[in-house]
Structures are given as structure tokens and as C-alpha cells.
Amino acid sequence: MPHDPSDTAATESSSTTRRRVLGKIGTGLAATFASPALALQGGAVTPGTGIRQPAQSIKRDPTTQYPRPPFPKQSQPWPGLTSHMTPRPDHGETSYQGSGRLTGRKALITGGDSGIGRAVAIAYAREGADVAINYLPAEESDAQEVIALIRAAGRKALAIPGDIRSEAFCQQLVARAVQGLGGLDILVSNAARQHQVPSILDLTTELFDWTLKTNLYAMFWITKAAVPHFQPGACIIVTASEQAYDPSPNLLDYAQTKAAQVAFTKLLSKQLIPRGIRVNAVAPGPIWTPLQPSGGQDPAKLPQFGADTPIGRAGQPAELAAAYVTLASQESSYATGQVYGVNGGHAQP
Ligand code: NAD
Ligand code: MG
């Protein structure tokens with residue numbers, strides 16, 4: 001549903017709205033992650049500045065900051081919903097505080113309904129950006145939670161559902177985002193399909209094609225449609241994966257797309273920097289998102305998800321947000337063609 005400036009949500013003060021939205025969305029989250037350090041008020045005020053330390057930057061032991069395996073056994077149908085996950089992932093709903101690093105920017109995030117894309121949408125909105133999200137129609141309930149959070153931050157929110165395996169839809173998606181936001185400065189190419197298949201002998205052409213269409217063709221189509229709208233200072237951020245560097249044996253199609261996304265990022269950065277456009281990627285390790293219990297992982301192995309990382313646990317989407325904010329911010333003006341690893345200690349990229 002497009003943002004209507006006459007919405008009461010848009011005219012309420014952002015702090016009132018944020019409290020109301022978090023009251024609804026954060027109930028399950030608060031039960032899982034209840035901690036004074038994650039409260040919205042943040043940390044101590046820096047003497048002489050009046051500036052309160054953002055909640056997400058309070059010093060903590062990262063090894064125990066979030067749940068460690070085992071996770072409860074669970075599976076759900078693709079594409080998966082946040083509300084059906086136990087524990088519910090943390091996207092920074094109650095912790096992320098912005099400081100104006102993306103003021104006035106206009107961002108399109110694919111897969112912005114859940115997981116990493118949701119954490120990025122929350123952080124971008126709280127940093128001052130207007131945000132459009134794309135997702136599948138089956139994910140409408142997840143998407144509406146994100147839309148409410150973006151509006152609670154006082155920013156414009158656009159919900160654009162549709163299947164990015166269609167080139168025509170990818171073109172419409174960009175056109176609707178540009179029209180609805182009044183331009184485009186940041187593209188986060190984040191949507192993906194991951195389904196584990198242990199043997200090449202069982203990986204059908206249909207499944208292979210599904211993964212390549214979602215992860216590569218759509219990224220190409222959406223980027224191609226977006227570039228003509230970019231002004232100098234715009235940027236693209238691709239969600240790649242550590243699978244580009246150390247692929248798991250059951251992700252033959254997916255890992256190839258992630259390696260290709262790294263090449264896409266490095267090459268396109270060279271093409272676009274003369275136009276003042278930066279292109280970077282983030283390469284996450286194992287992150288607790290709906291992609292995993294909805295076919296991305298072997299359900300028998302899901303309880304130990306993330307246990308083999310040096311940090312000893314899966315990451316939460318909230319732990320990725322800072323990388324996307326940093327790469328999008330003008331503070332990173334000399335960074336292009338880079339891959340930012342956030343993976344709990346695997347020495348990549
Ligand atoms: P997620 O399930 O929350 O997000 C993936 C999103 O992709 C979905 O929400 C869905 O909206 C979108 N999507 C899939 N197929 C689509 C289609 N045909 N049309 C439109 N949208 C479609 O999971 P996530 O883990 O947050 O995934 C986000 C990105 O992170 C992906 O690129 C994924 O490859 C990458 N990644 C995830 C992990 C992990 O462990 N979760 C690790 C490395 C990289
Ligand atoms: Mg989703």
C-alpha cells in the first residue's frame with residue numbers, strides 16, 4: 001500500500017508512533033532479547049555534548065549478546081515468515097538509533113520485509129531515509145510490520161510487492177519506487193532464493209533456474225533500471241554471502257550466484273564510479289532469518305545453525321545494519337568495489 005501523507009501514522013510524532021508500533025511488534029522480541037542494553041533510551045550521555053550513546057553501540061560481549069545454538073527444531077513453507085520463527089530474529093526494532101547519516105536519501109530494498117533487508121530498512125529509516133521495500137505477496141504480513149516501523153521513524157514508506165523473476169516487474173518496481181519516493185539514491189539488492197539440495201543429481205533445471213532468476217537476473221534487471229535515475233553520490237549495495245568464498249556442499253546453485261554477485265559488484269563499481277556511483281557488497285555468514293527454516297537449511301542441522309563459526313553462534317539481522325549504513329553513507333566516499341564480511345569470524349572475504 002503506497003504511503004498516504006494524510007495517514008495518522010505520518011502525522012503523529014515519530015516517538016509516539018514508534019512506541020505504539022514497538023508495543024505491537026516488539027512483544028515477542030522483548031521476551032527473547034529483554035535487556036537494559038537494548039532499551040531505546042541508549043547509554044550514558046557524553047559529557048559536554050548532551051549526546052546519548054546509541055543503544056546499538058553499548059559495549060557488550062558479542063559471544064553472548066544473542067542466543068547460541070541449539071535452536072528449537074522448526075520448518076515452515078517457503079518463503080518463510082518472521083512471525084513463525086523461534087526465537088524471533090532481532091532486526092534492531094528496540095535498539096537501533098540513527099544519527100542522521102542518510103538524511104533525505106531515498107532507498108529501495110529488495111527482500112525488505114524480513115531478515116537482513118528488514119534490519120536495513122529500519123536502520124535506513126532511522127538514519128533519515130525514505131524507504132521502498134519489495135517482497136513477495138505471501139509476505140504481506142511481514143512487510144506491513146516493516147512499513148509501520150519506517151513510518152514510526154517519521155519517514156516515507158512504500159510497499160511494492162511482486163515477483164522479481166519477471167523482468168517486466170523489475171522495471172515496474174524501480175519506476176514505482178522512483179515515482180513514489182521522488183527519486184532514488186540507494187539500491188540494496190538483497191532478495192534471494194536459497195534451497196539446499198545435497199546432490200547435483202537431484203538439482204533440477206527448474207530449481208537451478210529459479211535460483212539464478214532470483215539472485216542474478218533480477219539483480220541485473222533492477223540495477224539496469226535504477227542506474228539512469230541515479231545522481232552522483234548514489235550507491236548500490238549487494239547482499240552476497242560467505243558462500244561466494246567457502247561454499248557448503250548442498251548449495252551448488254546458490255553459492256554460484258553469490259560468487260557471481262561478488263564479480264558483479266567489483267566489475268560494476270569500475271563502470272559506475274566515473275558517474276559518481278559507488279557499488280559495494282556485504283557478505284554475511286549464518287544469519288537467523290526466515291530463509292533458513294523455509295528450505296535454505298537441512299532441517300535436521302538447523303538446531304546447530306551458526307555453531308561452527310569462531311564466535312560460536314548465528315548472527316542476528318540487527319548485527320548487519322551498521323555495515324549497510326556505513327557503505328551507503330557519504331562517509332564511505334572512497335569505498336567502492338569492496339566486500340564487507342560480517343560472519344562471526346570466518347576469515348573472509
Ligand atoms: P529472508 O528470507 O528474510 O530474505 C530474503 C527475501 O528475498 C525474502 O524476504 C523475499 O522477500 C525475497 N525474495 C525471494 N524470492 C523472491 C522473488 N522471487 N521475488 C521477490 N522477492 C523474493 O532471508 P535473509 O537471510 O535476510 O536474506 C537476505 C539476503 O541475505 C539474501 O541475499 C541471502 O542470500 C543473503 N544471505 C543470507 C544469509 C543467512 O544466513 N541468512 C547468509 C548470507 C547471505
Ligand atoms: Mg521474507
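The values are calculated or read from the model by the stated rules, or taken from the named source; none is laboratory data. None of these values were measured; they are calculated from a predicted model. Cβ coordinates were reconstructed from backbone atoms using ideal geometry, including for glycine residues, and neighbour counts include every protein chain displayed. In case anyone asks, the SASA skips ligands and DNA or RNA and just uses the protein heavy atoms, side chains included. Shrake-Rupley method; radii C 1.70, N 1.55, O 1.52, S 1.80 Å.
Hey, what D do you get for region 42-95 in µm²/s if you plug the Kirkwood alpha-carbon radius into Stokes-Einstein at 37 °C and 0.692 mPa s? Walk me through the numbers on the way to the answer.
Numbers: Rh = 14.3 Å.
Result for D is 230 µm²/s.
Would you list, by chain and number, the aspartates and glutamates whose Cα falls below 13 Å from the Cα of LYS106, excluding same-chain residues fewer than 8 positions away?
List returned: GLU127, ASP130, ASP185.
Using a probe of 1.4 angstrom, how much of the accessible area of the chain is carbon and sulfur, in percent? Kindly include the intermediate steps, with their values, before the conclusion.
Details: 8250 of 14630 Å².
Result for the chain: 56 percent of the exposed heavy-atom area is carbon or sulfur.
Per residue, how many Å² of accessible area does region 86-342 show with a 1.4 Å probe?
Working: 8950 Å² over 257 residues.
In whole numbers, region 86-342 has 35 Å² accessible per residue.
Between rounded, prolate and oblate, where does region 86-153 land on the alpha carbon gyration tensor, with a ≥ b ≥ c its root eigenvalues, rounded for a/c under 1.5, else prolate if a/b exceeds b/c? Working shown, then result.
Values: a/c = 2.14, a/b = 1.33, b/c = 1.61.
Verdict is oblate for region 86-153.
Could you pull the Cα extents of region 223-287 along its three principal axes, largest to smallest, in whole Å?
41, 19, 18
Using a Cα-Cα cut-off of under 16 Å, which lysines could be cross-linked to LYS270, ignoring same-chain neighbours fewer than 8 residues away?
The qualifying lysines are LYS224.
Counting only complete DSSP H runs, which helices of the chain cover 15 Å or more along their long axis at the Cα atoms and score a mean Kyte-Doolittle of -0.5 or above? Mind dumping the intermediate values first?
Working: long enough: 14-33 (25 Å, -0.02); 115-126 (17 Å, 0.78); 140-152 (18 Å, 0.24); 167-181 (21 Å, 0.52); 252-272 (30 Å, 0.01).
Both cut-offs are met by 14-33, 115-126, 140-152, 167-181, 252-272.
If you take every DSSP beta bridge fully contained in the chain, what fraction is antiparallel? Give it as a percent rounded to 5.
On the way: 1 of 28 bridges.
Roughly 5 percent of the beta bridges in the chain run antiparallel, per DSSP.
Mean separation of Cα pairs under 8 Å and 6+ residues apart, divided by the residue count of the chain: what relative contact order is that in percent?
Details: 725 pairs, mean separation 69.6, N = 349.
Value for the chain: 20 percent.
Rounded to the nearest 500 deg cm²/dmol, what is the calculated helix-only ellipticity per residue at 222 nm for the chain, with -39500 (n - 2.57) per DSSP H run of length n ≥ 4? Provide the component values of the computation, followed by the final result.
Numbers: 9 runs with 110 residues, N = 349.
Only helices count here, giving -10000 deg cm²/dmol.
What per residue convex hull volume, in Å³, do the alpha-carbon atoms of region 97-205 yield? Don't skip to the end; give the middle numbers.
On the way: hull volume 12.1 nm³, N = 109.
It is 111 Å³ per residue.
Provide the net charge surrounding LEU187, with neighbours chosen by a C-beta distance below 13 Å and charges set as Lys +1, Arg +1, Asp -1, Glu -1. Please report the intermediate quantities before stating the final value.
Details: positive: ARG105, LYS106, LYS224, ARG278; negative: ASP185.
Net charge in that neighbourhood comes out at +3.
If you average 1/r over all unlike Cα pairs in region 308-349 and invert the result, what Kirkwood radius do you get in angstrom?
Numbers: mean 1/r = 0.0858 Å⁻¹.
Final number for the Kirkwood radius of region 308-349 is 11.7 Å.
Loop only per DSSP, at most 15 neighbouring Cβ atoms within 10 Å: give me the trypsin sites (Lys or Arg not before Pro) in region 61-128, ordered by residue number.
Values: sites: LYS73, ARG101, ARG105, LYS106, ARG118, ARG126; in loops: LYS73, ARG101, ARG105.
When the trypsin sites (Lys or Arg not before Pro) of region 61-128 are filtered for loop state and at most 15 Cβ neighbours within 10 Å, LYS73 remain.
Please report, largest first and rounded to whole Å, the three semi-axes of the ellipsoid equivalent to the chain, where each semi-axis is the square root of five times an eigenvalue of the C-alpha gyration tensor.
Values for the chain, descending: 28, 25, 20 Å.
Could you pull out every one of the aspartates and glutamates with an alpha carbon less than 16 Å from that of LYS258, ignoring same-chain neighbours closer than 8 positions?
Qualifying aspartates and glutamates at Cα under 16 Å: ASP209, GLU242, ASP246.
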